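Before any comments, here is the structure.
The values are calculated or read from the model by the stated rules, or taken from the named source; none is laboratory data. This structure is a prediction, so every number in the text was calculated from the model and none was measured. Don't worry about glycine lacking a Cβ; one is built from the backbone with ideal geometry, like all the others, and counts go over all protein chains shown.
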Amino acid sequence: MNNHSIISIAIPPFPIFIEGNLTEYGIGTLHPERTNLEYFDIIFVKEGALYIGEEGIDYTVRKNEMLVLLPHKHHYPIKPTDEITKFYWMHFYTTGNYKQSNQARQLESSIPIPSLHFHNKFHTIHLSKKSQLVDTDEIYQKIQELLAGTTKKDINITFWDIQQRFFSLLNLLDGQNHAKDTSVLYAEKVEQFIRENFNKDITNDTLVTKFNLHENTLAKYLKQYYGFTPMEYLKEYRLEQARNLLIKTDNPIQQIAELCGYKWVPYFSRSFKQKYKISPLKYRINHMGKE
């Protein structure tokens, strides 16, 4: 991992803000050493510089830079501050999936997502491990508004107000710190197209014509971001939709297969059994009344 690492966090569940504040260090102050904390720690340096390590990687966080420290890791000082340093720190917690890697990842929520409405879809927040802040005025304003509800006694600011302000800040950091390159943009467009047309006849040639890119390029982009080639993703998504229909409807299995883009029912049943280790009919019987 390096300074260009991206932290991807799956939603839902939504991250919960725990606490935060503005801290000032005099010259010669060491950042505290901590280990096995259960929450994320985001640091925004307003003045000076902090010298922090995490799991053998050293970071220098200077003015108008941010650093995200992961839960359950060893955090320690590299050296004392050599100038007066002011920084915001924020702790937040999530029980959801997250991953730090050298590129943005699209993570699936650990919570089953209903497919009845189009807005019910998992999302992934992307935060740069360490980066220069772009919209510093807006970011600091959002931080101050958020902390006003936690560091001052104000009965008019509720828990939900605080969480909404925190999520607004995360959304801003996601947008400004993760500049999406061409591969990510195409991966997202292909993924959206597959979701919107999974019940139709989609082939690699369909995608090549639609996006004007070679099928190997499309496969590379989707594999990097989602972990599947387009055809693998299509198969996974179709089977997931079929699983939902088996549980939530009384439609015949042949109709479910057709609704999910399968023209041949035996192939659908074989694919379903390969993924879920059970036939569609037995899956439906086993889950009757459970959801």
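Tabulated results
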read-out: Every pair of residues 6+ apart whose Cβ atoms lie under 6 Å, when the first sits in segment 169-191 and is over 24 Å from Tyr237 (Cα atoms) while the second is modelled with pLDDT of 75 or more and in a helix (DSSP H, G or I); value: Leu169/Lys142
read-out: Segments classed as helices (runs of 4 or more DSSP H), wholly inside segment 133-243, with at least 2 members that are of a type in the set (D, E, K, R) and modelled with pLDDT under 90; value: 136-148, 159-177, 182-197
read-out: Residues located in segment 7-37, provided they are in contact with a strand residue (DSSP E or B) (Cβ under 9 Å, 6 or more places away or on another chain) and more than 27 Å from Lys79 (Cβ to Cβ); value: Ser8, Ile9, Ala10, Ile11, Pro12, Pro15, Ile16, Phe17, Ile18
read-out: Tally, over segment 92-111, of residues that are surrounded by 13 or more Cβ atoms within 10 Å (Cβ to Cβ) and either at pLDDT below 90 or aliphatic (A, V, I, L, M) (or both); value: 8
read-out: Subset of segment 12-60 that is part of a strand (DSSP E or B) and among the polar types (S, T, N, Q) - its residue that is farthest from Glu108 (Cα to Cα); value: Thr23
